[in-house]
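Comments concern the structure below.
Nothing in this text is a laboratory measurement; each read-out follows from the coordinates by a stated rule. Values in this document were obtained by computation on a predicted structure and should not be read as measured data. Here the Cβ is made from the backbone with ideal geometry for all residues, glycine too, and neighbour counts use every protein chain on show.
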Amino acid sequence: MGLQENIKAVKEEMSTEEQFLEGMIKGERFFKRNKKYIIATLVLLVLGAGGYAINDVMSKQRLKASNVAYQALLTDASNVAALETLKAKNPKLYTMYLFETALAKGDAEVLKSVSLSKEDPILADLAAYQLSQLDANATAKGELLSGMVLLQEGYELLKEKRVEEARLKFAQIDASSPLKQIAKNLEHYQGLK
């Protein structure tokens, strides 16, 4: 029996080796058949990873340069080179800086340019609101703060005892706005304490 078991073990071992060789041959055939696609995929992966790494490094350099320029502007507001660097490297931060300086100086022209800016719609809306606060003739047409403008205008009308006109202003506030309840309270109490 020992001899038959040994022969059986040798047959199984040869069968395993045959399967391994068969798998290697199939793999080699698959690689030869699809070599171009496999190499192209690997090259694309390497190029993609390299491009991503380069883009990441460049964005970090832009961010660092814009932060240095912003710090320079905070220490010396007349630094034209830092202002140009900030404008080129980070337009959103540039717009924010313009808004900040315009508020501090009360500069209506700069606020108007920021309100027309497409860089940051929220900042543009805030600039339009601040512009309407500086210039009584200017109306804020912003999407976000339009309810606040209507509430403020209605309150001013209530202070002037023009209740019907104030109600019309309050009625223009969107029903889903959180300011609607404040408008209802003002309308009910007619601005009186």
### Query
Hey, got a sec? Which GluC sites (Glu not before Pro) in segment 56-157 land in a DSSP loop and have at most 13 other Cβ atoms within 10 Å?
Glu143
### Task
Mind ranking 92-99, 172-179, 22-29, 64-71 by how tightly packed they are, going by the mean number of other C-beta atoms within 10 angstrom, highest first?
92-99, 64-71, 172-179, 22-29
### Summary
Computed ³J(HN,Hα) along segment 70-82: with the Karplus parameters 6.51/-1.76/1.60, θ = phi - 60°, integer Hz and x for glycine or proline, the list is 5, 4, 5, 5, 5, 7, 9, 5, 8, 6, 5, 5, 5
### Message
Tell me whether segment 1-89 comes out rounded, prolate or oblate; compute the Cα gyration tensor, take square roots of the eigenvalues as a ≥ b ≥ c, and use a/c under 1.5 as the rounded threshold.
### Response
oblate
### Query
Please state the relative contact order of the chain as a whole percent: Cα pairs under 8 Å, 6+ residues apart?
9
### Task
Could you compute the FRET efficiency for Lys87 and Ile54, with r as their C-beta to C-beta distance and R0 at 41 Å, rounded to 0.05?
0.95
### Query
Can you work out the FRET efficiency for the pair Lys118 and Leu42, with r the C-beta to C-beta distance and R0 = 45 Å, to the nearest 0.05?
0.65
### Task
Would you list which lysines come within 26 Å of Lys118, measuring only between C-alpha atoms, while excluding same-chain residues fewer than 8 positions from it?
Lys60, Lys64, Lys87, Lys89, Lys92, Lys105, Lys141
### Full-extension gain in nm, Phe20 to Leu74, via 0.36 nm per residue minus C-alpha separation
12.4 nm
### Task
Taking a cut-off of 17 Å between Cα atoms, list the aspartates and glutamates near Lys36, but don't count ones fewer than 8 places away on the same chain.
Glu28
## Note on the structure
Here segment 28-45 yields Karplus 3J(HN,Hα) values (6.51, -1.76, 1.60; θ = phi - 60°; whole Hz; Gly and Pro given as x) of 5, 4, 4, 5, 5, 5, 10, 4, 4, 5, 5, 5, 4, 5, 5, 5, 4, 4
### Projected area averaged over orientations for the chain, convex hull of C-alpha atoms, nm²
26.4
### Summary
Dividing the helical contributions, -39500 (n - 2.57) per DSSP H run of n ≥ 4, by the residues of the chain yields a 222 nm value, nearest 500 deg cm²/dmol, of -27000 deg cm²/dmol
